[in-house]
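Comments concern the structure below.
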Amino acid sequence: MAGEAASALGLSMVVLAEHPDDAACEVASEVVLGSPFVAADLRAIAARCDVLTFDHEQVDLDLVTQLESAGAVVVRPGADTLGLAVDKARMRSVLDDAGVPVPDYLVVDEGPEALDAVASFAAAHGWPVMVKAARGGYDGKGVWPVAGRAEAAAVLAGVTGQVVVEELLPLDAELAVVVARRPSGASAAWPAVETAQVGGVCREVLVPGRLDSDVLEAASALGQKVAEIAGGVGVMAVELFWSGGRLLVNEVATRPHNSGHWTMEGAVTSQFENHVRAVLDLPLGSTAPQHLQVASVNVFGGSAGEDPAQLLARGLGVEGAHVHLYGKSARPGRKLGHVTVCGGEAEVVRSRAWAAAIALGTPVPDGIDLPAGVLR
């Protein structure tokens, strides 16, 4: 999607891909087959680029630092900013030190005293608690709710490195703020949105959502503050909890993000175009919404393993549905695309977005209350 945005600006994108059928290869002007964990492969793509950017923060920070220090290519965001998203322990500490509200937490080092540290934190905050691997987790992976000492021991036995233990919060809502930032520090933020997460994976995004405007405005301001603290260049997403009248920062992603996919049809400038503009230090486009209401629902593989591309006519048959399929091979539970519907009435756009996603084979997970009239 970033490649499509670059093409519209007359720019070309080179992709480092581990497999020739990876989705971005379809729109790349050139493909370098390799791994971001291999120094020679990173150097190979750097030699073909003016600016190197990332679609995921799961990279080798040491290799990125070496590449950045060599000065052969501009790296945006830089290794320091990527490190904030890669390492949950560092992220929590940096934001906490800067006065950003975060859930109560404790960074626990690997070793024989780790279990006692988790249990001590739980004694003060109450079981259950959340245990998160400091590195390597995303989309619900590397995150475990644990209800007691035995469960904590089992989790710690399977984790290498630091963990972050956090209080388990009662959530009233989850939100996200997507910000684009240039090297000069100039930035632009899209409105805060309401998200629905199931099993740590985003299932829908509602714009502006169902929260009061003052909460959304406070979330937007907080998200922009985090982006400034991180000092990143490009697009950054800040995920937040709304719990008991408090806004708390949960996660940071230093890249275009699922919570910003709605901007492709719903905003004047998409997150992908502004990411390209930002990393190339070009003027940012307007982030203003183009519609009163937008709903975006993710397309997932169903238990039957049907490819949503084979069901495309059904999805497009829903009025107003903008379907984006990622070209990934279908398998149960895999995120394969998204559907966005724009309009003037919240329930109408949400109903149509879910209807289209279901028509494309998406199973509705427990925890999602469908709009009236939409059948699972």
Here the range 36-49 yields Karplus 3J(HN,Hα) values (6.51, -1.76, 1.60; θ = phi - 60°; whole Hz; Gly and Pro given as x) of x, 9, 10, 4, 5, 5, 5, 5, 5, 6, 4, 5, 9, 10
Going residue by residue through the range 74-80, the Karplus relation 6.51 cos²θ - 1.76 cosθ + 1.60 with θ = phi - 60° gives ³J(HN,Hα) values, rounded to whole Hz and with x marking Gly or Pro, of 7, 10, 9, x, x, 4, 5
GNM on the chain, Cα springs under 10 Å; top mean-square fluctuation among Leu175, Leu216, Leu115 goes to Leu115
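Cα gyration tensor of the range 1-160, axes a ≥ b ≥ c as square roots of the eigenvalues: rounded (a/c below 1.5), prolate (a/b > b/c) or oblate?
It comes out prolate by the Cα gyration axes.
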Any residue on another chain or 5+ positions along whose placed amide H is under 5 Å from the amide H of Val32 is listed here as Val15, Leu16, Ala17
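Taking a ≥ b ≥ c as the square roots of the eigenvalues of the Cα gyration tensor of the chain, is the shape rounded (a/c under 1.5), prolate (a/b larger than b/c) or oblate? It would help to have the intermediate numbers written out before the result.
Working: a/c = 1.40, a/b = 1.08, b/c = 1.29.
It comes out rounded by the Cα gyration axes.
Just to be sure I follow the rule: in the chain, considering lysines 8 or more places apart or on different chains, how many pairs have Cα atoms under 22 Å apart?
Step by step, the pairs that qualify in the chain add up to 6.
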Note, the range 295-312: 3J(HN,Hα) by Karplus (6.51, -1.76, 1.60, θ = phi - 60°), whole Hz, Gly/Pro = x, goes 10, 10, 10, 6, 9, 10, x, x, 5, 7, x, 5, 7, x, 4, 6, 10, 4
For the pair Asp21 and Ala147, the simple spin-label estimate (label points 7 Å beyond Cα toward Cβ) gives in nm 4.1
The long-range amide H neighbours of Val198, using H built 1.01 Å from N in the peptide plane and a cut-off of under 5 Å, are Arg203
Here, Ile229 and Asp172, labelled 7 Å along Cα→Cβ, have an inter-label distance in nm of 2.2
Taking placed amide H atoms and a strict 5 Å upper bound, the residues 5 or more places from Ser243 or on another chain that come that close are Asp172, Leu248
Expressed in nanometres to one decimal, the distance between label points 7 Å along Cα→Cβ at Ala154 and Ala39 is 4.2
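Here, each number is a calculation from the coordinates, and none is a lab measurement. Remember, predicted model here, so these are calculated numbers, not experimental data. With ideal geometry, Cβ positions are generated from the backbone for all residues, glycine too; neighbour counts draw on all protein chains shown.
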